[in-house]
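Peer 1: Please read through the structure below; I'll follow up with questions.
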Amino acid sequence: MARIAFDVHGTLDHDADGLLMSILNSCTKDGDDVYIISGPPTEQVIEEVTALGIDVACITIISVVDWLKANNVHMWQDDKDNWWCDEHSWWASKGEICAEYKIDMIFDDKIQYKKYMPKTTKFVLWEGTTDVSYYGKGGSSEEIEEL
Ligand SMILES: [Mg+2]
């Protein structure tokens with residue numbers, strides 16, 4: 001069975017027509033291993049995916065922040081309690097997680113993660129389809145042009 005991973009911010013939460021959710025549901029129904037790989041601490045990711053209607057019993061959640069801490073990457077919090085680390089460690093994290101968990105395919109809205117993916121992981125850039133208002137707010141389109 002395949003191991004399929006999904007990002008949350010800009011990806012599962014930018015799925016206005018439900019296409020990505022139907023892919024996720026098909027994967028769990030077919031017995032594939034479904035992973036959520038998302039930035040915030042695990043408890044926050046659990047709340048966010050539950051709010052999206054995903055049954056956390058059917059998936060494995062991997063928090064990038066928790067994974068970086070477990071791998072001894074230096075991290076700090078800003079005055080809003082958001083966690084930060086150096087840019088290279090951040091962008092390399094999902095590729096290293098995909099290597100560790102032998103992920104076959106990942107859906108993510110940030111192209112910056114792609115160059116760190118192992119050759120065995122297919123990276124699918126999610127562009128949010130119908131929700132065009134997302135681009136320009138988060139700065140994603142400018143970042144993509146830079147690369
Ligand atoms: Mg994202």
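Laboratory data are not the source of any read-out in this text; all were calculated from the coordinates shown. All of these numbers come straight from a predicted model, not from anything done at the bench. Positions of Cβ are backbone-derived with ideal geometry, glycine not excepted, and every protein chain shown enters the neighbour counts.
Peer 1: Output the relative contact order of region 33-86, whole-number percent, from Cα pairs under 8 angstrom with separation of 6+ residues. Provide the component values of the computation, followed by the final result.
Peer 2: On the way: 60 pairs, mean separation 19.1, N = 54.
Taking the mean separation of contacting Cα pairs over the length of region 33-86, I get 35 percent.
Peer 1: Given the options Glu96, Glu43, Glu127, which has the most mean-square fluctuation in a GNM of the chain, springs set between C-alpha atoms less than 10 angstrom apart?
Peer 2: Glu43
Peer 1: Could you put Ser22, Ser63, Ser38, Ser89 in order, starting from the residue whose Cβ has the fewest other Cβ atoms within 10 Å? Intermediate results must be reported in sequence, preceding the final value.
Peer 2: Values: Ser22 11, Ser63 22, Ser38 26, Ser89 15.
Ranking Ser22, Ser63, Ser38, Ser89 by Cβ neighbours within 10 Å, fewest first, gives Ser22, Ser89, Ser63, Ser38.
Peer 1: Can you tell me what the convex hull of the Cα atoms of the chain projects to on average, as an area in nm²?
Peer 2: 8.9 nm²
Peer 1: If you plug each phi of region 9-16 into the Karplus form 6.51 cos²θ - 1.76 cosθ + 1.60 with θ = phi - 60°, what whole-Hz ³J(HN,Hα) values come out, in order, with x for Gly and Pro?
Peer 2: Each residue's phi maps through the Karplus curve to give 5, x, 10, 4, 8, 10, 9, 4 Hz.
Peer 1: Roughly how many nanometres apart are two label points built 7 Å out from the Cα toward the Cβ at Ala57 and Val124?
Peer 2: 2.6 nm
Peer 1: Sticking with this one: At a Förster radius of 30 Å, what calculated FRET efficiency corresponds to the Cβ-Cβ distance of Asn71 and Met1, to the nearest 0.05?
Peer 2: Values: r = 27 Å, r/R0 = 0.90.
Calculated value: 0.65.
Peer 1: Roughly how far apart, in whole Å, are the Cα centres of region 70-134 and region 10-67?
Peer 2: 14 Å
Peer 1: Follow-up question, since we're still on this one. Please report the antiparallel percentage of the DSSP beta bridges confined to the chain, to the nearest 5.
Peer 2: Details: 2 of 17 bridges.
Bridges in the chain that DSSP calls antiparallel: roughly 10 percent.
Peer 1: Divide by every residue of the chain the summed helix terms, -39500 (n - 2.57) for each DSSP H run of at least 4, and state the resulting mean residue ellipticity at 222 nm, rounded to the nearest 500 deg cm²/dmol.
Peer 2: One gets -10000 deg cm²/dmol as the mean residue ellipticity at 222 nm.
Peer 1: Top mean-square fluctuation among Ile54, Ile106, Ile36, Gaussian network model of the chain, C-alpha springs under 10 Å?
Peer 2: Ile54
Peer 1: Can you list the residues, at least 5 places off or on another chain, whose amide H is less than 5 Å from the amide H of Ile36, using H built in the peptide plane?
Peer 2: Phe6, Thr60, Ile61, Ile62
Peer 1: Between Ala99 and Thr50, what length comes free when the chain is fully extended (0.36 nm per residue of separation minus the Cα-Cα distance, one decimal in nm)?
Peer 2: That pair, Ala99 and Thr50, stretches by 15.0 nm at full extension.
Peer 1: Please turn the phi angles of region 25-39 into ³J(HN,Hα) values with the Karplus equation 6.51 cos²θ - 1.76 cosθ + 1.60 (θ = phi - 60°), one per residue in order, whole Hz, x for glycine and proline.
Peer 2: 5, 4, 4, 5, 5, 7, x, 5, 8, 9, 10, 10, 10, 9, x
Peer 1: In whole angstrom, and with the biggest value first, how far do the Cα coordinates of region 33-86 range along each principal axis?
Peer 2: 32, 23, 13
Peer 1: Using Cβ counts within 10 Å as a stand-in for footprinting exposure, how do Met1, Met105, Met21 rank, fewest first?
Peer 2: Ranking Met1, Met105, Met21 by Cβ neighbours within 10 Å, fewest first, gives Met1, Met21, Met105.
Peer 1: If the elastic network links every pair of Cα atoms under 10 Å, which of Ala57, Ala99, Ala16 fluctuates the most in the Gaussian network model of the chain?
Peer 2: Highest fluctuation among the options: Ala57.
Peer 1: Now, a different point. Quick one: how many lysine pairs in the chain have C-alpha atoms under 12 angstrom apart, if they're 8 or more apart or on different chains?
Peer 2: Working: Lys94/Lys102; Lys94/Lys110; Lys94/Lys114; Lys94/Lys115; Lys102/Lys119; Lys102/Lys122; Lys114/Lys122.
Value for the chain: 7.
Peer 1: Could you check the simple spin-label distance between Asp78 and Asp30, using points 7 Å along Cα→Cβ, in nm with one decimal?
Peer 2: 3.9 nm
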